[in-house]
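Report on one structure; see the data block that follows.
The values are calculated or read from the model by the stated rules, or taken from the named source; none is laboratory data. A quick note: this is a predicted structure, and the numbers were derived from the prediction, not measured. Cβ atoms come from the backbone with ideal geometry, glycine included; neighbour counts cover every protein chain shown.
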Amino acid sequence: MNEIIRSVKGTRDFYPEEMAQRQWLIGKMRDASTAFGFTQYDGPCLESIELYAAKSGEELVREQAFVFPDRGGDPITLRPELTPTLARMVAQKQNELVFPLRWWSFGPFWRYERPQKGRTREFFQWNVDLIGSDSVLADAELIAVAATFLRMVSIQPQDVQLLVNDRQLMDQAMTSAGVPADKKGEMLRLIDRLDKLPADVWDEKVLGLGLSLSQLDSVKALLQNKHLWQESSNLRQLFEVVESLGVHEYVTYDPRIIRGLDYYTGTVFEARDTKGEFRAILGGGHYGNLIGDVGGKPLPGVGFAMGDVVISLVLEAYGLLKDELSNTGTVFVTVFNEEMLAQSLQLASKLRAEGLQVVTQTEPEKLAKQLKFADRLGYKAAIVMGPDEESQGMAQVKNLRTREQELVTLNALAEKLKQMIS
RNA sequence: GUGCCUGUAGCUCAAUGGCAGAGUGCUUCACUGUGGAUGAAGAUGUUGAGGGUUCGACCCCCUCCAGGCACCCCA
């Protein structure tokens, strides 16, 4: 055991069971994306460090990106996020692309941080972006894509909500609460950490920014104000459109949503479980000028990203993660004995020609062992053909779930099996 | 990068300084033409690694490694 080489810290092995879940999850992401006409794209996993230098959170690149020299000595970065790559891809073809773009992607990302619940060093992320529209309709549409995904994986609105806010609204609110202009950034960061810090420590930090007690109180008051959104024409319109799109049951206003990344300029949102047991499931927002940072002409957009780790934990907690192996469509053809080997393999071949997925026994074993093998792999149907059946031109079709079996003529076999595994 | 906790059979865990165990899983058999049950038998450990204390260490101490949780940051 000690001699098995360990996997790299923070990485995960996907055994067939986990791989089946991953594929299932990707399928739901694809369904939600394509329901709104988004098309898939991808960029390289290796990028130059300069791509991230202009933007992203400072720490994300400096502290958390995997950076290593290639054989020529140039620094290479394993992408920690997709948005800069997207910005570059759009900037490169800005004059030929048809806007607004509706693009989605799914792929691996790497961040060098201590693994913990919901956080690994290698993870997968679903990215959805709508670029080239500054309309609140675009923001609402992205929220609707996220909500549609939640609906497609059967997550209930009472369990997970998309919490929405607007950075410009918060900026104004900070002003009217008396937060000095040069302290707003720090104030917003503190709001972001509100539930991480003990209440008294939080108060102290706010006062440390130079706010008075009454200003602290007015900040706290506005963070409790569930109706603050009504002061923002952007959000008033957003919630109206969200309602028209039929996903309002998944969407709530929350003045405490700020989001970390520096490039968000307007609407911001994230999905949280309502019990507050898990980290943010997805996060996103409106960016006013993403493309400009990598050398293109300024273009607004809106996008969100969802990691595979937290959503999997949430789905598991609610018993919604598909845990069935994708073997249920497979037919197992037993080999009764050595004399029957040729006939059994021929039968399997014939069934494959009919479009079925067929596994055969590789060595002669007792029938009991063969059936146990098929059962443990999750196969649903098995064929038993011994000398008795063979002489009549028939075979036993066994349903491994119900343990029932039926004698069927070889010609009707494929049809019977398809019916059983469907 | 900081702090706390945990490493014992494939898995879940017990043994608190005195002979390393249980449940489950696994293998075989009862069952020479039928798998989830039942019964019987069997196999499996450098107690994460290295060092120290002790007559004696899974247990106490040190170092390292790995994992978990929280902070930081964020999907």
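Have a look at A:T265, A:T252 and point out the one that is β-branched (V, I, T) and within 16 Å of RNA strand B (Cβ to nearest atom). Write out each step before concluding.
On the way: A:T252 fails: within 16 Å of RNA strand B (Cβ to nearest atom).
Within the list A:T265, A:T252, the selection yields A:T265.
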_Among the residues in region A:131-148, are any crowded, with 19+ Cβ neighbours inside 10 Å and in contact with a Lys or Arg (Cβ under 7 Å, 6 or more places away or on another chain)?_
no
*Subset of region A:293-336 that is without any contact (Cβ under 8 Å) to a residue 40 or more places away in the chain and over 20 Å from the mean Cα position of the chain (by Cα) - its residue that is surrounded by the most Cβ atoms within 10 Å (Cβ to Cβ)*: A:V335
*Could you run through region A:114-155 and say how many residues are part of a loop (DSSP other than H, G, I, E, B), away from RNA strand B (no atom under 12 Å from the Cβ) and either touching a residue at least 60 places away in the same chain (Cβ under 8 Å) or touching a strand residue (DSSP E or B) at 6+ places or on another chain (Cβ under 8 Å) (or both)?*
6
*When only residues in region A:268-278 that are within 11 Å of RNA strand B (Cβ to nearest atom) and assigned to a strand (DSSP E or B) count, which is farthest from A:N165 (Cα to Cα)?*
A:R272
*Name the residues in region A:383-419 that are more than 18 Å from A:E354 (Cβ to Cβ), of a type in the set (A, V, I, L, M) and surrounded by 15 or more Cβ atoms within 10 Å (Cβ to Cβ), would you?*
A:V384, A:L400
*Mind counting the residues in region A:265-292 that are farther than 25 Å from A:R12 by Cβ, buried (at least 21 other Cβ atoms within 10 Å of the Cβ) and not aliphatic (A, V, I, L, M)?*
6
_Are there helices (runs of 4 or more DSSP H) fully within region A:7-100 with at least 2 residues that are in contact with a helix residue (DSSP H, G or I) (Cβ under 7 Å, 6 or more places away or on another chain) and on the phi < 0 side of the Ramachandran plot? List them._
A:16-35, A:50-53, A:83-92
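May I ask you to say which residue of A:K416, A:K369, A:K322, A:K380 is closer than 30 Å to A:P80 by Cβ and not assigned by TED's automatic domain parsing to the domain that holds A:V153? It would help to see each step written out before you state the result.
On the way: A:K416 fails: closer than 30 Å to A:P80 by Cβ; A:K369 fails: closer than 30 Å to A:P80 by Cβ; A:K380 fails: closer than 30 Å to A:P80 by Cβ.
It is A:K322.
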